[in-house]
Amino acid sequence: MARKDNQHMIGFDTAVKRFWQKYAVFDGVAQRSEYWFAVLFIFLGSVVCTVFGDLFAMKTLFSGVWSVVTLVPGQSMLSRRLHDAGFSAKWLLALWGNIVLFWMFTALSRISPLFGMLMSVTSFIAVVLCVFMFVASVLPSKFKNNPYRR
């Protein structure tokens, strides 16, 4: 299916193949269809892990392994999708840094109420960053003045 921006939508099979081929490639771009088909693949894999985990009474093991196996390629895919929309992947680092701070403040919140307040602030920031990532992932590809396109 041709689009007016001369970019062709890729299919589910191609997106899954690229998902695994570019396992830890954080540079370059990923168009919307590539990203969202990969998200669908991760979701379907989670459903399968849940079903088989329930059947064999090992849901946590199956789901945990699936999460670990898809963590790096999922993050690299999001990084490339951010690039395609014209944003830096440093936003992804900001999100992960914020998550680490949240867990640190959670652990320290028993010591002082200040850490509980900081935990709330980092929680809010994480939500804002997640909303930003979602909005960036649905934006169209940016072709003009995009330093991430070669």
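Quick check, is ALA107 surrounded by 14 or more Cβ atoms within 10 Å (Cβ to Cβ), small (Gly, Ala, Ser) and outside the structural domain of TYR35 (by TED's automatic domain parsing)? Before you say what the answer is, go through the steps one by one.
Working: surrounded by 14 or more Cβ atoms within 10 Å (Cβ to Cβ): no; small (Gly, Ala, Ser): yes; outside the structural domain of TYR35 (by TED's automatic domain parsing): yes.
No; evaluated as a whole, the condition is false for this residue.
Is it the case that region 38-50 has a residue that's buried (at least 18 other Cβ atoms within 10 Å of the Cβ), outside the structural domain of VAL135 (by TED's automatic domain parsing) and not hydrophobic (A, V, I, L, M, F, W, C)?
Within region 38-50, not a single residue is buried (at least 18 other Cβ atoms within 10 Å of the Cβ), outside the structural domain of VAL135 (by TED's automatic domain parsing) and not hydrophobic (A, V, I, L, M, F, W, C).
From the list TRP96, TRP91, which residue is in contact (Cβ under 8 Å) with a residue 40 or more places away in the chain, surrounded by fewer than 17 Cβ atoms within 10 Å (Cβ to Cβ), assigned to a helix (DSSP H, G or I) and outside the structural domain of ALA24 (by TED's automatic domain parsing)? Walk me through it before giving the result.
Details: TRP96 fails: in contact (Cβ under 8 Å) with a residue 40 or more places away in the chain.
Matching residue, one of TRP96, TRP91: TRP91.
Is region 77-92 home to any residue that is under 20 Å from VAL25 (Cβ atoms) and of a type in the set (Phe, Trp, Tyr)?
Looking through region 77-92, at least one residue is under 20 Å from VAL25 (Cβ atoms) and of a type in the set (Phe, Trp, Tyr).
Any residue in region 51-65 that is assigned to a helix (DSSP H, G or I), of a type in the set (Ser, Thr, Tyr) and within 13 Å of the chain's Cα centre (by Cα)?
Of the residues in region 51-65, the ones assigned to a helix (DSSP H, G or I) are 51-55, 59-65.
Cutting the leftovers down to of a type in the set (Ser, Thr, Tyr) gives us 60, 63.
Imposing the further condition that a residue be within 13 Å of the chain's Cα centre (by Cα) reduces the set to none.
Checked region 51-65: no residue is assigned to a helix (DSSP H, G or I), of a type in the set (Ser, Thr, Tyr) and within 13 Å of the chain's Cα centre (by Cα).
Looking at region 115-136, I want the residues that are under 12 Å from PHE102 (Cβ atoms) and have a partner that is hydroxyl-bearing (Ser, Thr, Tyr) with Cβ atoms under 7 Å, at least 6 apart or on another chain. Which pairs are those?
Here the result reads PHE115/SER109; GLY116/SER109; MET119/THR106; MET119/SER109, each pair linking region 115-136 to a residue that is hydroxyl-bearing (Ser, Thr, Tyr).
Of all residues in region 78-112, how many are among the acidic types (Asp, Glu) and at positive phi?
First, pick out the residues of region 78-112 that are among the acidic types (Asp, Glu): 84.
Applying the additional criterion that residues be at positive phi yields none.
Looking only at that region, the number is 0.
Just checking, does region 54-67 include any residue being more than 24 Å from PHE124 (Cβ to Cβ), β-branched (Val, Ile, Thr) and without any contact (Cβ under 8 Å) to a residue 40 or more places away in the chain?
The answer is yes; a qualifying residue exists.
Out of all the residues in region 34-48, is one or more β-branched (Val, Ile, Thr), farther than 23 Å from PHE132 by Cβ and part of a helix (DSSP H, G or I)? Walk me through it before giving the result.
Step one: filter region 34-48 for residues β-branched (Val, Ile, Thr), giving 39, 42, 47-48.
Filter once more, so that each one left must be farther than 23 Å from PHE132 by Cβ: 47-48.
Among the residues that remain, those that are also part of a helix (DSSP H, G or I) are: 47-48.
Scanning region 34-48, I find at least one residue that is β-branched (Val, Ile, Thr), farther than 23 Å from PHE132 by Cβ and part of a helix (DSSP H, G or I), so the answer is yes.
The values are calculated or read from the model by the stated rules, or taken from the named source; none is laboratory data. Owing to the predicted nature of the structure, the values given are computational and were not obtained by experimental measurement. In this analysis, Cβ positions are derived from the backbone assuming ideal geometry, glycine residues included, and neighbour counts consider all displayed protein chains.
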